[in-house]
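Student: Below: one structure in structure tokens.
Bear in mind these aren't lab numbers, they're just calculated from the coordinates by the rules spelled out. As the structure is a prediction and not an experimental result, all values here were calculated from the model. All Cβ positions, glycine included, derive from the backbone under ideal geometry; neighbour counts span all protein chains shown.
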Amino acid sequence: MITLFFALLLNVAVATPETVSSPSIDSANAEFLNGNYEDAAQQYLEVIESGNPTGDLYYNMGNSLYKDGRLGEAIASWRTAQWLSPRDGDIAANLEMARLDTRDRLSVRSHNAALFWRSSVSPYEQIWLSACGISLLGFGFILLSRRRRLGYELPFSQVLPTVAVGVPSLILLLSGASQILSLDSKPHGVVIVNEVSVNSSGAGGVILYELHEGAEIEISENANGYLLVNVAGLGSGWVPESSVFIIDPTG
Amino acid sequence: MRLYFKVLLLLLVSALFTPKLCLAVEVQLTSDTQRLQLGEAMGIYLSVVGETVESQPVIPEVDGLTIQLSGHRNSSVNLNGRRSRTVTFTYLVRTSITGSITIPGFTVATSNGQYVSNEITIDVAEPDGESSGLQAGLDSEELWEGQTVVYGVRFETLERVLQWGWTPPDLIGFAPEQIVPEFNREFELDRNGERVKVLEISTPLVAIRSGARDVSPGVVTVEVSAEQKRGRRRSMFTQTRRDVYPSEPSTVSVYPLPEEGRSQNFSGLVGEFWIEASLSQASVSLGESVTLSVRITGNGTLAGFVLPEVSDELFQTYDQAGQLFGGVQGGDFQTTGVFQRAIVPSAAGELIIPQLVIQVFSPEAGEFVDVSTGEFSLMVLPGEQVEQVQGFGDGDSPSGVAIQGEDILPIHTEAALGSSFVLRVKPAVVLALTPWLFVVLSVLSSKLGGRTPSKKVAVKAMIKVAKSGDMMAVEAAFRAAVAFELGCTPSALTLEMLDSLPVPFRDRAVQIYSEITGARYGGEGAITADALQLASDLLELR
């Protein structure tokens, strides 16, 4: 059994590739520094689509898009970067600058104060921290059961570390999972066209209000090429799917 | 000094002086209403904040108006930790002519000098002969898409009003203006000796859809105190009556903005606007910034407006969020936006800051017009910042400005592909569940080995039976207990297998095993208790 366990751990460890640099990234960086922002953005996109993107790559792509005049896509890219690297101050600064350029100047919902860790720990990091905690609890359980079998009493004080590790692990697990699952259930998006009307029904209806490039919205539903979007203070309405870039850091 | 520290210093100084600014002297003249009928009297109020008034303000003389002081009151508030005193003088104004009349500013003598208030303009109309009723509607029947209008309500009554209510009409095709909220006010007028209660409501709206629109009636509901019949004993509760006053329905036409004359840089503003601009200083050292202040005033909404971008290699611009103000004056919507743009020259010499041209749509002219600022000349002196501007990009310098020439921060040149491992949930699940899988498998394994709780119960039962002293039962119970602990069958138990028992039990078990074997030939009484005790102890391990 122990052999099996260590085999699994070894498997996990071997499956962990080292962080690698790619010639394509250097090329994209060079294009950016030479002022070829459209080409730089395209190359960053290709690197990202090749798999395993980081917050840095999305950040650089956001910079390229912003310099290329694509404000909405830049904001979407920086939002993705922030999702992956929430502690990166450069991303937050650029995002804040870009929001000042938007015409709608919508207020963006910040993290709930009760979920304070979300502003500094990414959902994946939360899942991993939680996994480490749960794993640690499993080891603790095995060790304690062995000690009992050998006839030693379990000191009460050992219950406290168990709770101290278990409760935060559970909270981080639920928090990280809910953030990842919400990408499917209630994704966020950014308007990427100059102006779009938010209608009371999908193909037609009255115009409820207008949104402009860079407006950040929450998406409730996707039906027949139209998205039901919700904007704080303005309400819900339908916009064409083509006018919105849906933020999906996992995709 | 670096630009960075200068900005910090400026912010610090601003913060230090902010409380003082809040305590600045303010002399303001306000009125109950700006629409009167001939023969009516209304109240106007002169407020002096933050100063001690040394004498009564001088009442200006205005043809067609009689202004009389009717009293004053003092109050004080705690502002930024300091007490600020307010004196409010109340005047009764009575009209004797019709037309537009301006009440000039009042002069107030204070301990720190003289101040003059703002002026007020009122419109005086001929009396309409009605002493009560409702007037409601939009201030224009023909509009352009995007134009801002005011839906005004004025209700008058001679009754003693206990409570008002207003149900607005359905205004489809209009959206509330985002800067100026609905404004309502209740006051009293003196009309030929009668006291008239007035309710005024002003709602700024923006026409957002073209076409003919029907404006349904709005309804004012008033609860008034009813007269009690004479001769009856007075009730201790107020008798009330509810009256309902609907407004007249109306139709309004909203025209779409024409395509002719519309440029790509159309600002989206619809209304009559004018613009003023000023530069904070005429000369600046290279590397420092000057502020261009732009003030736009008009009768259309400014919500969402931003200054047009100016692209020039000789300077960079950084915009602050604009400050927007507005209100309804005399039934007309007015709004003002103050926008500030920091300009950082990038070369020494004379810099011409080009004019800002803003295309707006003028409803009065029915066409697009340009409003613009003038050009500004700025002398850029070679300064201490020259080297730093050219050398931005490393250390703690504000690299965002230098490397990209814009206000975003530079790219991360060390960016690399990440680990697929940490971006997946499955490995984390494996890590979390592996030790628990081990626990589950251990439990299953022990179950398959026969060490089940039911087995334990059976062994306990055997121990209980063996307490009768029957040597066969004692041996069976002992074997069952040891086998339970070792995970084997009782019949397979041998002396050598006892070495696998935990240390504290091993020697006792070996001894008892030997004695039980020997007791088949007598002497069983002595070992019965020991064997059963050991069996019980072994059971307690699980």
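Student: Net charge within 12 Å of B:SER491 by Cβ-Cβ distance, Lys/Arg positive one each and Asp/Glu negative one each, not counting B:SER491 itself? Could you put the intermediate results ahead of the total?
Tutor: Numbers: positive: B:ARG479; negative: B:GLU475.
Its environment carries a net charge of 0.
Student: While we're here: Can you work out ³J(HN,Hα) from phi for every residue in the range B:341-358, in order, using Karplus 6.51 cos²θ - 1.76 cosθ + 1.60 and θ = phi - 60°, giving whole Hz and x for Gly and Pro?
Tutor: Once rounded to whole Hz, the list reads 10, 7, 10, 10, x, 10, 8, 6, x, 7, 10, 9, 8, x, 5, 8, 10, 10.
Student: What's the exposure ranking of B:ILE516, A:ILE127, going from fewest to most Cβ atoms within 10 Å? Intermediate results must be reported in sequence, preceding the final value.
Tutor: Numbers: B:ILE516 19, A:ILE127 26.
Fewest-to-most ranking of B:ILE516, A:ILE127: B:ILE516, A:ILE127.
Student: Right, something else. What's the percent breakdown of Cα-Cα distances in the range B:39-197 across 5 Å bins, shortest bin first?
Tutor: Each 5 Å bin holds this share of Cα pairs: 2, 6, 13, 14, 14, 15, 15, 11, 7, 3, 1.
Student: A follow-up question, please. Got a sec to turn the phi values of the range B:195-206 into Karplus ³J(HN,Hα) couplings, 6.51 cos²θ - 1.76 cosθ + 1.60 with θ = phi - 60°, whole Hz, x for Gly and Pro?
Tutor: 9, 9, 8, 10, 10, 10, 10, 10, 10, x, 10, 10
Student: How about A:LYS186: which aspartates and glutamates have a C-alpha closer than 14 Å to its C-alpha, ignoring those fewer than 8 places off in the same chain?
Tutor: Of all the aspartates and glutamates, those that pass the test against A:LYS186 - Cα under 14 Å, at least 8 places apart if same chain - are A:GLU216, A:GLU218, A:GLU221, A:ASP248.
Student: What list do you get for B:THR335, B:THR30, B:THR301 if you sort them by fewest beta carbons within 10 Å?
Tutor: Fewest-to-most ranking of B:THR335, B:THR30, B:THR301: B:THR30, B:THR335, B:THR301.
Student: Excluding B:THR90 itself, what net charge comes from residues whose Cβ is under 15 Å from its Cβ, given Lys and Arg +1 and Asp and Glu -1?
Tutor: Cβ neighbours under 15 Å give a net charge of -1.
Student: On to the next question. Rg and Dmax in Å for the range B:158-296, alpha carbons only: what are they?
Tutor: 25.6, 91
Student: Which peptide among B:53-65, A:43-55 comes first, and what is the full order, when sorted by highest mean count of other Cβ atoms within 10 Å?
Tutor: Numbers: B:53-65: 13.9, A:43-55: 19.1.
For the peptides B:53-65, A:43-55, the packing ranking is A:43-55, B:53-65.
Student: Kindly provide the pair-distance distribution of the range B:214-342 built from C-alpha pairs, with 10 Å bins from 0 and whole-percent values in order of increasing distance.
Tutor: Result, from short to long distances: 9, 22, 21, 15, 11, 10, 7, 4, 1, 0 percent.
Student: Given the C-alpha centroids of the range A:213-251 and the range B:286-363, what is the distance between them in whole angstrom?
Tutor: So the separation of the two Cα centres works out to 32 Å.
Student: How would A:ASP104, A:ASP39, B:ASP499 line up from fewest to most surrounding beta-carbon atoms within 10 angstrom?
Tutor: Neighbour counts put them in this order, fewest first: B:ASP499, A:ASP39, A:ASP104.
Student: At 7 Å along Cα-to-Cβ for each site, give me the label-to-label distance between A:ASN222 and A:ALA177 in nm.
Tutor: For A:ASN222 paired with A:ALA177, the spin-label model returns 2.4 nm.
Student: Moving on. Using amide H atoms built in the peptide plane, which far-off residues or other-chain residues are under 5 Å from B:SER285 H to H?
Tutor: B:LEU381
Student: Return the long-range amide H neighbours of A:ALA215 (sequence gap of 5 or more, or a different chain), with a cut-off of under 5 Å between placed amide H atoms.
Tutor: Here A:VAL191 satisfy the definition.
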